[in-house]
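Bear in mind that the values in this text are calculations on the coordinates, not laboratory data. Model, not experiment: these values are computed from the prediction. Backbone-built Cβ (ideal geometry, glycine too); neighbour counts: all protein chains shown.
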Amino acid sequence: MAFTYATLKPFGVEVTGAVGHQLVNQEAAEECRAALDEHGVVVYRELNISDDELVALSRLLGDVVTAKTGEHRYPEIATITLDPAKTNAALATYRQGNFLWHIDGATDMLPQKATLLTAREVDDADGDTEFANTYLAYESLPDEERAKISDLRVAHSFAAAQLRANPDASEQERAAWDQVPSTVHPLVWTRRNGRKSLLLGATAGEIVGLAADEGRALLDHLLEWATQPRFALRHHWRRGDLVIWDNTGMLHRALPFDPTSRRLMHRTTLVGEETVA
Ligand code: OGA
Ligand code: MN
């Protein structure tokens, strides 16, 4: 495939010269998976992939998560916007959580393998997306700190994230968040290939067995560590860009944009392939 690859700093790769339909075949999908494994974030500049092609590519890359929200004619596609006219009000509220560093599906037993996000409408001034590489962050921790956290376990909940994103929520909204089951994961995720990363983010509410404030302080410290500029990549969107990331090892967040912004993303996610261990 005659695409041009340019590595980004401190991680990630940018692909130019590709058009959406060229990604919908086995060979291109394998090349994409390899780039994802190697670089963590793959940016296809102005790919202009259609919804049909996005779903087809996602299916070539793995098992695709489906949702029952009915936001899009494809149950695989989520419409990421704050504009209630383009989605529904509850989803627009939940998506305030995207402004906080997080890992998609961290409250599930099997966090999602990868996320594909393509820009349908952009806001020229605002709404970049940032990624923080939690493999690099783990590898760079001082030895004694790695030893200290090696056996810790963390409770991840939707409520923990929403409480931070929507602190003024009503009792009723809070009760709804509490309906979403929470999950306990190891803080350090060891992959089958031996690589380790930190499993952190807005959903991380408490550390099992530690006093609430002690656990909170350690989680805050580690999140601050992991999201330092030396581990982070910032993407400024152009319309038609497709960004794919290894969701298991990248914290990510949207940078602020106005709730009335035209910004609209179409997203698919791949089902997790490794339990957290
Ligand atoms: C997401 C997400 C960030 C963004 O869709 O999962 O976190 O910049 N999006 O829209
Ligand atoms: Mn996300």
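Projecting the Cα atoms of 3, 112, 175 onto the charge dipole of the chain, computed from C-beta unit charges around the Cα centre, puts 3 farthest toward the positive end.
Residue-wise HN-Hα couplings along the range 168-174, as the Karplus relation 6.51 cos²θ - 1.76 cosθ + 1.60 with θ = phi - 60° gives them from phi, are 9, 4, 6, 4, 5, 5, 4 Hz; Gly and Pro carry x. Can you grab the distance from the C-alpha centre of the range 257-271 to the C-alpha centre of the range 129-164, Å, no decimals? Result: 25 Å between the Cα centres.
For residue 52 and residue 21, compute 0.36 nm times the residue count separating them, minus their Cα-Cα distance, and round to one decimal in nm.
Length gained, residue 52 through residue 21: 10.2 nm.
If you take all other residues with their beta carbon under 14 Å from the beta carbon of residue 272, and give Lys and Arg +1 and Asp and Glu -1, the sum is -3.
If a/c stays under 1.5 just call it rounded; otherwise compare a/b with b/c (prolate if a/b is bigger, oblate if not). Do that for the range 121-277, with a ≥ b ≥ c from the square roots of the Cα gyration tensor eigenvalues. Oblate is the answer for the range 121-277, as a/c is 1.5 or above yet b/c matches or exceeds a/b.
Along the axis of the charge dipole computed for the range 4-270 (Cβ charges of +1 for Lys and Arg, -1 for Asp and Glu, origin at the Cα centre), the listed residues 50, 218, 72 are led at the positive end by 50.
Each other residue within a Cβ distance under 15 Å of residue 25 adds +1 if Lys or Arg and -1 if Asp or Glu, for a net charge of -3. In this structure, residue 168 and residue 255 have a Cβ-Cβ separation that, at R0 = 25 Å, corresponds to a calculated FRET efficiency of about 0.70. Between residue 193 and residue 139, full extension at 0.36 nm per residue minus the direct alpha carbon distance yields a gain of 18.0 nm. Between residue 238 and residue 273, the modelled labels are 3.0 nm apart [label points 7 Å from Cα along Cα→Cβ]. Its Cα centre serving as origin, the range 4-270 has a Cβ charge dipole (Lys and Arg +1, Asp and Glu -1) of approximately 220 debye. The Cβ shell under 12 Å around residue 141 holds other residues with a net charge of -1, Lys and Arg each +1, Asp and Glu each -1. Restriction of the trypsin sites (Lys or Arg not before Pro) in the range 163-195 to DSSP coil positions whose beta-carbon has at most 10 other beta-carbons within 10 angstrom yields 192. Structural descriptor for the range 4-270: relative contact order 34 percent, calculated from alpha carbon pairs under 8 angstrom and at least 6 residues apart.
Would you please classify the overall shape of the chain from the alpha carbon gyration tensor, given that a ≥ b ≥ c denote the square roots of the eigenvalues, rounded means a/c under 1.5, and beyond that prolate means a/b larger than b/c while oblate covers the rest?
In terms of gyration-tensor shape, oblate.
Coupling constants for the range 26-43 follow from the phi torsions by the Karplus curve (6.51 cos²θ - 1.76 cosθ + 1.60, θ = phi - 60°), and in residue order they are 3, 5, 5, 5, 5, 5, 5, 4, 5, 5, 5, 5, 6, 10, x, 9, 10, 10 Hz; glycine and proline get x.
Going by a ≥ b ≥ c, the root eigenvalues of the Cα gyration tensor, does the range 130-219 fall in the rounded group (a/c under 1.5), the prolate group (a/b larger than b/c) or the oblate group?
Because a/c hits 1.5 or more and a/b exceeds b/c, the range 130-219 counts as prolate.
Would you work out which of 20, 152, 203 lies farthest towards the positive end of the dipole of the chain, given +1 charges on the beta-carbon of Lys and Arg and -1 on that of Asp and Glu, about the Cα centre? Checking the options against the dipole of the chain, the answer is 20.
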